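Peer 1: Next up is a structure, given as structure tokens.
The values are calculated or read from the model by the stated rules, or taken from the named source; none is laboratory data. Computed from a predicted model, the values in this text were never measured in an experiment. No Cβ is skipped: glycine too gets one built from the backbone with ideal geometry, and neighbour counts run over all protein chains shown. What goes into the accessible areas is simple: the full protein's heavy atoms, side chains included, and nothing from ligands, DNA or RNA. Shrake-Rupley method; radii C 1.70, N 1.55, O 1.52, S 1.80 Å.
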Amino acid sequence: MPNIAFASQNNVNLLGENSRWSFDIATRGTRNIDQKNNAFMHVIGLDLHKVFSAKTNDIGTLTFQPYVVKLNNVKNPPFIFDDGNDTQLTWRIANFNYTALAQGKFNIRAGHFEIPFGLEYQIDTNGTLRQLTTSDRGIKADWGVSINGILPNVEYEIAITRGSGNEIESAGNPYVFSGRVGSDTTKNFTSGFSWFTGDVLVKNGIVKHKKIAFDASYYYFQWQFMVEASAGKQANNSTQNTFAEVMWKSPQETFLSYWQLGYKNTSISENNLERNVSNSYWVTGIKWQSINGFNVSAQYKDKLSNSSSQDSILSIQLRYRI
């Protein structure tokens, strides 16, 4: 589905020092080639970032990102939407991270934030065509609390969240306990261990998840190489996931391209019989970023083998930050 977005950043001192904000406007179009379906998504939101400080140290960081999303002819939309032509207020990130306790070594975060798990946690893919491994878990960000910090050579975040995603819902008593402990992300080579366990609220009720993962990233000049492998259970079925990406960025960081491979195997037990269902796919994408906040991106996703259920999908997005 194509996507168009418009954005610009402002450092106007409306909220005092150490604050920035921007309006983010986008349109995305997607073409499902197999089903011959065109779908569109239009987005407008506010991206606000504010660091609160005392005379001698920082107190904490507020991130506030409410977005209004309008769908048009979207098949199987996320369950927060009534149908494929609905409009909803969504929350990307909306939390306060209190950092005054131990000079960043032990912080407390509360609000809506990305679940600390795998590669997706380290890279901001919100509002972009480029996504990593969120689909393996069915939830990207959630309401809750966490402890997090940066120690010598170690970065960590451990969270307990509601398990309902965009809205705080208690039906079925969903929850997620997750965390990631990894190496210093300022180095050329980084790695991490993650876990994810809980009951995730979806359209048809609760889905039980229990998963662990290992991820690694390596940076070489303009190149980035990433891999993630995970295993566990989803709805009492054993699952294994692998993901790899190669990304290249121009020296001026105005253009990037990426190539991804993904594989998922699920062992399903029915009537004392077990069968394996696998799905594999490949993705290629590009993005061009202008100096005035306008960017254009395109992505193509397709099945890697004939046995996979992945449809052929072409997406285009325009975005502008004001």
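Peer 1: I want to verify a result. In a Gaussian network model of the chain, Cα cutoff 10 Å, which of these has the top mean-square fluctuation: Asn204, Asn236, Asn97?
Peer 2: Asn204
Peer 1: Taking the Cα centre as origin and putting +1 on Lys and Arg beta-carbons and -1 on Asp and Glu beta-carbons, what dipole magnitude results for the range 22-321, to the nearest 20 debye? Let's see the in-between values first.
Peer 2: On the way: 29 positive and 26 negative charges, 45 e Å.
The dipole magnitude comes to about 220 debye.
Peer 1: Ok, one more. Could you provide, to the nearest whole Å², the per residue accessible area of the chain with probe 1.4 Å?
Peer 2: Working: 16500 Å² over 322 residues.
Per-residue accessible area for the chain comes out at 51 Å².
Peer 1: Given the options Gln35, Gln310, Gln131, which has the most mean-square fluctuation in a GNM of the chain, springs set between C-alpha atoms less than 10 angstrom apart?
Peer 2: Of Gln35, Gln310, Gln131, the Gaussian network model singles out Gln35 as fluctuating most.
Peer 1: Suppose every Lys and Arg Cβ carries +1 and every Asp and Glu Cβ carries -1, with no other charges. What dipole size does the range 112-189 come out with about its Cα centre, to the nearest 20 debye? The partial results should precede the final answer.
Peer 2: Details: 6 positive and 10 negative charges, 25 e Å.
With only Lys, Arg, Asp and Glu charged at Cβ, the dipole is about 120 debye.
Peer 1: Using the per-residue mean of other Cβ atoms lying within 10 Å as a proxy for protection, in what order, highest first, do the peptides 21-30, 187-196 fall? Don't skip to the end; give the middle numbers.
Peer 2: Values: 21-30: 20.8, 187-196: 17.1.
The packing order, highest mean first, is 21-30, 187-196.
Peer 1: For the chain, give the percent of accessible area contributed by carbon and sulfur heavy atoms, probe 1.4 Å, rounded to a whole number.
Peer 2: Working: 9570 of 16500 Å².
Here carbon and sulfur together make up 58 percent of the probe-accessible area.
Peer 1: For the chain, calculate the relative contact order in percent as a whole number, restricting contacts to Cα pairs under 8 Å that are 6 or more residues apart.
Peer 2: Relative contact order comes out at 16 percent.
Peer 1: Per residue of the range 65-79, what does 6.51 cos²θ - 1.76 cosθ + 1.60 with θ = phi - 60° give for ³J(HN,Hα)? Whole Hz please, x for Gly and Pro, Karplus curve as stated.
Peer 2: 9, x, 9, 9, 10, 10, 9, 9, 6, 8, 7, 6, x, x, 5
Peer 1: Roughly how large, in nm² to one decimal, is the mean projection of the convex hull of the alpha-carbon atoms in the range 22-321? Let's see the in-between values first.
Peer 2: Details: hull surface 66.7 nm².
Mean projected area of the Cα convex hull: 16.7 nm².
Peer 1: Report, ordered by chain and residue number, the lysines lying within cross-link reach of Lys36, taken as a straight Cα distance under 30 Å and ignoring same-chain residues fewer than 8 apart.
Peer 2: Partners found: Lys70, Lys75, Lys140, Lys203, Lys264, Lys287, Lys301, Lys303.
Peer 1: What shape does the range 119-268 have by the C-alpha gyration tensor, where a ≥ b ≥ c are the square roots of the eigenvalues, rounded means a/c under 1.5, and otherwise prolate means a/b greater than b/c and oblate the rest? It would help to have the intermediate numbers written out before the result.
Peer 2: Details: a/c = 1.82, a/b = 1.56, b/c = 1.17.
In terms of gyration-tensor shape, prolate.
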